[in-house]
1. What does the highest-first list of 158-165, 199-206 look like by mean Cβ count within 10 Å?
2. Where does the charge balance sit around Arg240 when Lys and Arg score +1, Asp and Glu -1, over other residues with C-beta under 13 Å from its C-beta?
3. I want the local charge near Leu175. Using Cβ-Cβ distances under 15 Å, sum +1 for each Lys or Arg and -1 for each Asp or Glu among the other residues.
4. Val134's amide H: which non-local residues (gap 5+, or another chain) put their own amide H closer than 5 Å, with H modeled 1.01 Å from N in plane and none for Pro or chain starts?
5. Step through the residues of the stretch 183-193 one at a time and calculate ³J(HN,Hα) from phi using the Karplus curve (6.51 cos²θ - 1.76 cosθ + 1.60, θ = phi - 60°), rounding each to whole Hz and writing x for Gly and Pro.
6. What length, rounded to one decimal in nm, is gained on full extension from Ile42 through to Asn164, with 0.36 nm per residue of separation minus their alpha-carbon distance?
7. Can you count the Lys pairs in the stretch 117-242 with C-alpha separation below 12 Å, eight or more apart or on different chains?
8. Can you work out the PRE-style zone for Tyr199? Point 7 Å along Cα to Cβ, and I want the residues of the stretch 218-242 with backbone N under 12 Å.
Amino acid sequence: MLFSSIGAFSQTNNPNEYAEEKPPLMKGEIAFGLNVHTSGTIGLQFRKATNLTGYKKFYWEGDLVGMKHPKEIKSVNRYFTDAKAFVFGKQNNLTILRAGAGFEKTLYSKFEKNGVEIRLVYGGGLSLGITKPVYLNILEPTGKFGEFDIIVEKYDPNKHFLDNIYGRAPFTYGLNQINVHPGAYGRLAFNFEYSPIYYDIKSLELGAIIDAYPKDIPIMALIDNKKFYFTFYMTFIYGRKK
């Protein structure tokens, strides 16, 4: 009985006997993400990471997101039932293209396949603010009472008002007048990786980003613009380890 007890004790305390086999350390991973944030529209993310150790990764990334001014309010010409909505006073649409690098540090490892791995994500890089002028459908009187022609014009705060704007023009107008505003960004986030399959990546990332530019970016024509954009974001990420 004594030898049986000793034998049983040695089996249950053998770290290689019953422990779940650890998966091999991969070289890196490639992932794509769908992003929503507090100051704009849905965006896209790409990230390629390389394992430095079992608990730290170095990554390259790229983001493409739409950004709005906090004072944007949609309006519509109340005199026409089929008029399209537009943002009164909006001079330019702003899209931000980010390209940078950073690190992911594992704070809590996923010991079980149905567990969650928590990582700290931090980095930064180049932020390009891309502006495209806003074009509108404008009501132009024909000379006959109650009759108008609809023409497309670039928004001008000196001659376009709520009563003569028929709605927004197609997005393709103004593509030949794009301007680029170079700047920089920084990111700090927590990444929660929950895929039950080791080689797959399914994660949710919650964090904050600041984009900074040397000068104010002209989104609105009638109110103050800004050169710093601080946003909270949530990204759903899917990818593959390799």
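Coordinate-derived values only; no laboratory data. These numbers come from a predicted model, not from an experiment. Positions of Cβ are generated from backbone atoms using ideal geometry, with glycine treated the same way; all protein chains shown enter the neighbour counts.
1. Final packing ranking: 199-206, 158-165.
2. After counting each charged neighbour, the total is +3.
3. Spelling it out: positives minus negatives among the neighbours equals +3.
4. Counting only residues 5 or more places away or on other chains, the set is Asn92, Asn93, Tyr155.
5. These are the phi-based 3J(HN,Hα) values: x, 9, 9, x, 10, 9, 7, 10, 10, 10, 9 Hz.
6. 40.8 nm
7. 4
8. 240-242
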